[in-house]
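Read through the structure below, which is laid out as structure tokens, and then see the notes.
The values are calculated or read from the model by the stated rules, or taken from the named source; none is laboratory data. Everything numeric in this text was worked out from a predicted model, so none of it was measured. No Cβ is skipped: glycine too gets one built from the backbone with ideal geometry, and neighbour counts run over all protein chains shown.
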Amino acid sequence: MEKNNRILIVDDQEDLCEQLAKLLVSCGQPNKTASMVQSMRARLMGLDEKPQDRPKKAAQYDIDTASQGEEAFEMVKAALENKAPYAVVFSDMRMPPGWDGLKTAKKIREVDKNIEIVVMTAYADHDQETISNEIGTPEKLLYIKKPFQAEEIFQLALSLTSKWNFEKLEKKRRVWLEKLILCMRKIRFSEVGSDSYKSLTDALLNFTNSTKGIMAIWNDDKKKWSLKASKNIPEEEAAEVIIKL
């Protein structure tokens with residue numbers, strides 16, 4: 001499953017919105033200084049730089065921005081309709097003259113139950129209990145006070161996008177498992193047709209998050225494997241794999 005790193009930032013102050021977007025974009029870039037120091041150290045010590053010693057590249061995010069709550073709400077709706085939902089939305093609380101952050105988050109939650117929402121504020125406009133009750137789904141809601149550190153934003157973006165993707169994969173796995181169990185219950189291997197084997201192969205590949213595979217059944221009378229289905233593998237190649245077994 002392709003990872004969703006889409007983030008929406010909502011703030012009526014355009015400069016702050018852009019700064020936050022730049023922070024998240026920059027955290028996805030490799031640290032060139034650290035990489036140079038690591039390479040110099042390896043050369044001075046006469047060592048070969050190993051791939052695992054190089055600074056790891058951070059997550060890269062696809063960032064969109066909105067200056068008002070109504071605009072953000074429409075962007076979230078459009079993203080869902082295009083089957084490219086946002087994983088996380090960072091929303092300011094005060095955004096005159098339109099919706100405030102509370103209403104924005106509440107309206108967004110009505111159309112997207114899975115999005116992770118972070119409400120940012122420098123004021124005590126609402127207590128956390130009120131915000132949680134109004135927006136709903138408290139396990140997908142965070143409230144942070146301004147000013148915040150860049151590291152806080154980095155960690156929130158990483159943790160929340162990872163959480164969104166993990167939950168999405170687990171939902172798919174549950175669906176795949178239910179289909180797999182249903183298919184297995186119906187199958188009598190001596191009687192099934194090619195369509196059933198193909199369906200079972202697809203279910204197994206989906207459940208294991210794989211893209212290609214084969215299904216073969218052992219024929220006890222002939223003492224050999226019999227190819228029943230393959231996915232994204234040429235039949236000749238699949239037959240060779242069976243012979244090697």
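Per-structure values
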| quantity | calculated |
| --- | --- |
| Residue count, the stretch 200-220 (criterion: assigned to a loop (DSSP other than H, G, I, E, B) and either of a type in the set (S, T, N, Q) or at pLDDT 85 or above (or both)) | 5 |
| Filter result for Asp11 (at pLDDT 80 or above, surrounded by 15 or more Cβ atoms within 10 Å (Cβ to Cβ) and touching a Lys or Arg at 6+ places or on another chain (Cβ under 9 Å)) | no |
| Hits in the stretch 85-103 - residues which are modelled with pLDDT of 95 or more and either in contact with a Lys or Arg (Cβ under 9 Å, 6 or more places away or on another chain) or among the hydroxyl-bearing types (Ser, Thr, Tyr) (or both) | Pro85, Tyr86, Ala87, Val88 |
| Residues that are of a type in the set (Phe, Trp, Tyr), assigned to a helix (DSSP H, G or I) and either modelled with pLDDT of 85 or more or loosely packed, with under 14 Cβ neighbours inside 10 Å (or both), drawn from the stretch 135-185 | Phe154, Trp164, Phe166 |
| Among (1) of a type in the set (Ser, Thr, Tyr); (2) surrounded by fewer than 17 Cβ atoms within 10 Å (Cβ to Cβ); (3) touching a residue at least 12 places away in the same chain (Cβ under 8 Å), the one test that Ser132 misses | (3) |
| Matching residues in the stretch 88-129 - criterion: being in a helix (DSSP H, G or I) and touching a residue at least 12 places away in the same chain (Cβ under 8 Å) | Gly101, Leu102, Lys103, Thr104, Ala105, Lys106, Lys107, Ile108, Arg109, Val111, Gln128 |
